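Read through the structure below, which is laid out as structure tokens, and then see the notes.
The values are calculated or read from the model by the stated rules, or taken from the named source; none is laboratory data. The shown structure was predicted, so the numbers you read here are calculated from the model rather than taken from an experiment. Backbone-built Cβ (ideal geometry, glycine too); neighbour counts: all protein chains shown.
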Amino acid sequence: MYFLYNLILIFFVVFTFPYWGIRMIFSSRWRKGVRQRFGFLPGKIRANLSRENEYFWIHASSVGEAKIASVLIKEIRKKIPYYKLLISSMTPMGVQTLKDLYPEEIVIFVPLDLKNCIRRILKCFRIKLLVLVETEIWPNLIYLLKKEQAKVIVVNGRISDKSFKKYRIFKFWMKGFLSFIDVFSMQSEKYARRIIFLGADREKVKITGNVKYDGFLSEQITNREIEDIYQEFCLVEKDLIWVAGSTRAGEEKIIIDVYKRILNKYPGLKLIIAPRHLERVAYLEGLLRKGSFNFTRKSTLSSKITFGQVEKKSLFPLNIIILDTMGELMKTYAIATIVFVGGSLVKIGGHNILEPASLAKPVLFGPYMQNFKEPACLLKKENGGIQVKNERELEINILHLLNDSSLLFKIGENARKAVLSGQGATLKNLELVAGLLK
């Protein structure tokens, strides 16, 4: 099984190397962390290592998993402080997010799942425990760590509909890989059933809930910070603000068209659009120019507006602000009157509706919520979120909320209570970790 896996992996790396090589030549983003992906650590990391120390290796695939990992890391530091941490991610943004959160910890790009690449890392560290966030299965990494007598746990485990279809094809392989994992801490009964179907030992599977619920409530934004956020956006507390977060291709035009019609009844309504990927900002600007909107980017608000060199104090007539900076969406939600979360009106699978819900904001989202199915069901059940089918329903529901301030407040409070009801998964996961260390 492992021989065949490694043979296929080697062929894949060899035959796709020209493609990745070209990407690295023309894109600095693809060049980041190349040496680390092959197991070569920077000298400044190697210089401070000692094989006498034991480490927890925490792997979080990308930014979303990195935020979940940060919740666990805080509790691990408090409850199990005598182990050092090695934290890895697969994407440049994931690595940068973890470095920003934990500058004193060792943060690296996860090596390719090739034996020699992983062995180079293991020569530098004595790993006591590997923590895989959200079912990141790396067969060689898991296998080699088990040979080193390390424990392996999956935390906040989930298997999306899309991933499950792929894994089912290789079910005959999965059981062997999964047998080396000591504990599967899954978010829900559905995900637990799926991992058992793929070959996990039923006795190793635990249902602990979703760590995300703990994370969004662990760092609430203070009133003083909210005042600062209003000032950053050149807005005031009395403004009605619609924040459309994590929008994807096909959604921005819908949002702008809906907004244009709503302005007929609420001419003071402000719109903040945060595209999921910043390369869409130029396209979004083109749409807004066609619609003759008065708009600007968030990054220009700290100085002067690029079009016309308008001073900051005269920005209040602006209709629309494009959020073109990274890492500010959560605090932008804090000043919202109403929130729409994108990736849900088109067949993407939805984005994180728990962020605005934790801030007591009424959340609207579209019909495609496969990636956040459980949170969507919870918010609907608790009357803390509104699922819309299309552009027309989006407009009707926003108008309904703007017409009824008491309903708007009630739905927001229900959203926050729904998030509160999901707390507790982090401590359950820590108990499982502590059990493995005994």
Within the range 82-91, does at least one residue satisfy the condition of being modelled with pLDDT under 90, among the polar types (S, T, N, Q) and under 20 Å from L41 (Cα atoms)?
yes
Those residues of the range 388-438 which are more than 30 Å from V152 (Cβ to Cβ) and of a type in the set (G, A, S) amount to S405, S406, G412, A415, A418, S421
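Any chance the range 56-67 includes a residue that's within 30 Å of N371 (Cα to Cα), crowded, with 16+ Cβ neighbours inside 10 Å and in contact with a Lys or Arg (Cβ under 6 Å, 6 or more places away or on another chain)?
Our first condition is that a residue be within 30 Å of N371 (Cα to Cα); within the range 56-67, this holds for 56-67.
Checking which are crowded, with 16+ Cβ neighbours inside 10 Å leaves us with 56-67.
Those left that are additionally in contact with a Lys or Arg (Cβ under 6 Å, 6 or more places away or on another chain): none.
The answer is no, given that none of the residues of the range 56-67 is within 30 Å of N371 (Cα to Cα), crowded, with 16+ Cβ neighbours inside 10 Å and in contact with a Lys or Arg (Cβ under 6 Å, 6 or more places away or on another chain).
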From the option list L288, L301, L263, L318, single residue qualifying as in contact with a Ser or Thr (Cβ under 8 Å, 6 or more places away or on another chain) and either modelled with pLDDT under 95 or surrounded by fewer than 17 Cβ atoms within 10 Å (Cβ to Cβ) (or both) is L318
Here the residues within the range 180-204 that are among the small types (G, A, S), at negative phi and either in a loop (DSSP other than H, G, I, E, B) or surrounded by fewer than 17 Cβ atoms within 10 Å (Cβ to Cβ) (or both) are S188, A200
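Could you identify the single residue in L122, L112 that is farther than 30 Å from Y368 by Cα and in contact (Cβ under 8 Å) with a residue 40 or more places away in the chain?
Working: L122 fails: in contact (Cβ under 8 Å) with a residue 40 or more places away in the chain.
After ruling out the rest, the residue left standing is L112.
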Filtering the range 64-109 down to residues that are part of a helix (DSSP H, G or I) and either of a type in the set (S, T, Y) or outside the structural domain of K428 (by TED's automatic domain parsing) (or both) yields S70, T97
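What about K238, is it of a type in the set (K, R) and either in contact (Cβ under 8 Å) with a residue 40 or more places away in the chain or in the same structural domain as F180 (by TED's automatic domain parsing) (or both)? Steps first, answer last, please.
Values: of a type in the set (K, R): yes; either in contact (Cβ under 8 Å) with a residue 40 or more places away in the chain or in the same structural domain as F180 (by TED's automatic domain parsing) (or both): no.
Against the criterion (of a type in the set (K, R) and either in contact (Cβ under 8 Å) with a residue 40 or more places away in the chain or in the same structural domain as F180 (by TED's automatic domain parsing) (or both)), K238 does not qualify.
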Within the range 140-179, the residues that are closer than 21 Å to A69 by Cβ, touching a residue at least 60 places away in the same chain (Cβ under 8 Å) and surrounded by fewer than 21 Cβ atoms within 10 Å (Cβ to Cβ) are K151, S160
Subset of the range 179-197, residues at pLDDT below 95 and out of contact with any strand residue (DSSP E or B) (no Cβ under 8 Å at 6 or more places or on another chain), comes to S179, K190
